[in-house]
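First up is the structure itself, then whatever we jot down about it.
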Amino acid sequence: MRILVIDDDDQMRTLLRQVMEWAGYEVMEAENGREGMQKHLKQPADLVITDLIMPEQEGLETITSLKKAYPAIKIIAISGGGRIGPEAYLPAAQELGADKVFTKPFDVHELAEAVRELLHHG
Amino acid sequence: MNALTLWIVCSVLALYTIFSVAYYLFRLRPRLQVHSEGCETLQKALDEWQCIFDVIVDPVLVLDSESRVTRGNRAAVQLLSSDGSSLEGKACHSLFAGTDTPCPFCFISSACAENKPHCQEITHDYLGRTLMVNCFPLQEEEKIVGFVVTAKDISHQRNLEKQLMHAHKMESIATLAGGIAHDFNNILGAILGNTDLLLYRIPVQNKDGSSPLFGPPLTTAELIEHLHAIKQAGNRAKDLVSQILAFSRQSSHKRQDLSIAPLVKETCRLLRSTLPTTIDIKVSISDRIDMIHADPGQIQQIVMQLCTNAAQSLENQCGTIEISLRQTETGKAEQHRYHGLKPGFYVVLTIKDTGKGISQETLERIFDPFFTTREVGEGSGMGLAVLHGIITTHEGVIDVSSTLGKGTVFTIFFPRIAETKEVEQQNDILPGGDETILFVDDEEEIVKMRTRMLAHLGYRVLAADTPERALQYFEKEDEQIDLMITDHTMPRMTGIQLADRVSRLLRPGLPIILCSGYSEAVTMEEAKRCGVHRFLAKPVDMQLLARAVREILPKKRGVEDENLGD
């Protein structure tokens, strides 16, 4: 199964890739929502893990576009907050269609479990 | 002559005398009256002059050609004479600076040489005041015979300005807070995430015999990759903390030789997290940017303030902010174009937005204090005035140009200092040794970690988690200690106090390294006085510590450099 990881922070993106590879998935990486959408068009992912605050195209817009074009796609939103904190962004992400949300920093095992649950039981 | 005749003669003589005197008095009266009136007028004028001289609220001194006081008004006496005694005959420098020789920055000689008034802001530590001093030469027959010096006390004004700048900086910190939290959460995410991965995957964790939760077991290459990621994240956090501290430090305002490019890049990264993502931030930095002499915190303040203003000018928070850094040599054309710009080499910071622009009327007042186009409560209107002040103290020039409906460009010129030195290439080899090091820190985890690190470099390490335990090592006469490394903030005794005690009473001359997280809490002078040889700001990098230890310890034969095996 293929996971698309979208985050503008290099270290966080690498970590997400490592966690997902460790959990046994194929991983694609993108630095922002726009690049993520392009990669998904070329090679559709089964699940998308996206950050919310990013340049070019932010996470909320990405979630909206993905869910509109691919209603069955599973999405996990993660955020470390920004001007108003993650608690303001993550509920909005859920309203727009994110299946699960995580606040940075998160437990990698919990994230891996969430991915497994969404892909295999969701 | 009988008695009667004698009386008549005497009477006539007396009367003659009286009338003569009266006559002369009568004749002279108008002349005496004129003289007396003149004296009175003169006296009155003198009294009036003295009165006016004394009611001038600023100190005024009249000096002779050798800078000695010939007159001083009441305000001058109040400022310069603690016991109210006369200032006359005293030398100017003895009154203002308490010295026997003229002040190094004295401009009386300039006023004398150029024969024109001079004005200068002087902070006199002796008086504890900042004065705006004017000096006017006094001439007689084309020769300077003295000076009139006025000194306006602007200490209060300068203090208020400092407070205002600090308050303004705190406003910027509040703006930054969201960005900082976002960055820290990413950093913490990387540290905790990589640590979790290691803990889940290292076989030794599964003592119950169970296999790792997912995937294959950890390889050495993966282990190193995770450790590097943790270290990298730690370094990011360290840099972020030092930047926040540099930005928020109240009174340092210390200018230093500064590589402005990395600082601008880092500030833009913070801005990226702070501003709405609908705003496109473009950063363009020339390959070669030389150093400037500047206060890093204030440079960040300039970038933050101008970019925040730019963001607010964008309609619906959509548009572009371009931040660019280049260097240039300016000539007469630029001098004409940018008011106050002298020909020379400059590093140029430009902040350009695609916002609604600023009208010509507003542009003319944009740097005025308290001038704002925002609603009440939306800002003090001091932002650009404060920035203008900062840039001026950096001998820089700020210019603004704008087109309504198209956007605004702020251009700032900072004088470039000598060409940037090449960054010293540091290799990964860590120098080691076999001396004995006493390591003191009240945090047990730090003691454990440092002991392991130093032991790895070949040193014999004595560990102490309290200052008292450290002192016990010195009580053993046969205990050889070559160096003490101590934390500063510890219960019951600070690192400085410990160093003072060791260097004065127990082991005079022992090399001591002090580590502290708050550099402002300890001054280098104070630390040196207490026997500290070297100061290291926490968190201390392994490379830095290894090099500092080797630099401070006397060179020994046979000490080989060791590699922190990877």
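Please treat every number below as a calculation from the coordinates, not as lab data. As the structure is a prediction and not an experimental result, all values here were calculated from the model. Here the Cβ positions follow ideal geometry from the backbone for every residue, glycine too, while neighbour counts run over all protein chains shown.
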Rounded to one decimal in nm, the spacing of the 7 Å Cα→Cβ label points at A:GLN94 and A:MET1 is 2.1
The ³J(HN,Hα) series, computed from each phi in the stretch B:541-552 with the Karplus coefficients 6.51, -1.76 and 1.60 at θ = phi - 60°, rounded to the nearest Hz and given as x for glycine or proline, is 5, 4, 4, 4, 5, 4, 6, 4, 4, 5, 5, 8
Ranked from fewest to most other Cβ atoms within 10 Å of their own Cβ, B:TYR346, B:TYR338 fall in the order B:TYR338, B:TYR346
Residue by residue through the stretch B:92-108, the couplings from Karplus 6.51 cos²θ - 1.76 cosθ + 1.60 with θ = phi - 60°, in Hz, x for Gly and Pro, are 3, 5, 5, 6, 8, 10, x, 10, 8, 10, x, 5, x, 9, 4, 10, 5
For chain A, the Cα gyration tensor yields equivalent-ellipsoid semi-axes (√(5λ), largest first, whole Å) of 18, 16, 14
Footprinting proxy, B:GLU161, B:GLU475: sorted fewest to most Cβ within 10 Å, the residues are B:GLU475, B:GLU161
Between B:THR70 and B:ARG492, Cβ-based FRET efficiency (R0 60 Å, step 0.05) works out to 0.50
Counting every C-alpha pair in the stretch B:429-563, the percent lying more than 21 Å apart is 35
Lys and Arg at +1, Asp and Glu at -1: neighbours of A:ILE75 with Cβ under 9 Å from its Cβ sum to +2
A correct fewest-to-most ranking of B:HIS336, B:HIS293 by other Cβ atoms within 10 Å would be B:HIS336, B:HIS293
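For a Förster distance of 60 Å, can you work out the FRET efficiency between the beta-carbons of A:GLU56 and B:LYS44, rounded to the nearest 0.05?
Working: r = 83 Å, r/R0 = 1.38.
Rounded to the nearest 0.05, the efficiency is 0.10.
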If the chain between B:ARG452 and B:LYS143 were fully extended at 0.36 nm per residue, the gain over the current Cα-Cα distance would be 103.5 nm
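How much FRET efficiency would the formula 1/(1 + (r/R0)^6) give for B:ILE202 and B:VAL241, where r is the Cβ-Cβ distance and R0 is 25 Å, rounded to 0.05?
It comes to 0.25.
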Applied in sequence order to the stretch B:146-156, the curve 6.51 cos²θ - 1.76 cosθ + 1.60 (Karplus, θ = phi - 60°) yields integer Hz couplings, x standing for Gly and Pro, of x, 9, 9, 10, 10, 10, 8, 7, 10, 4, 4
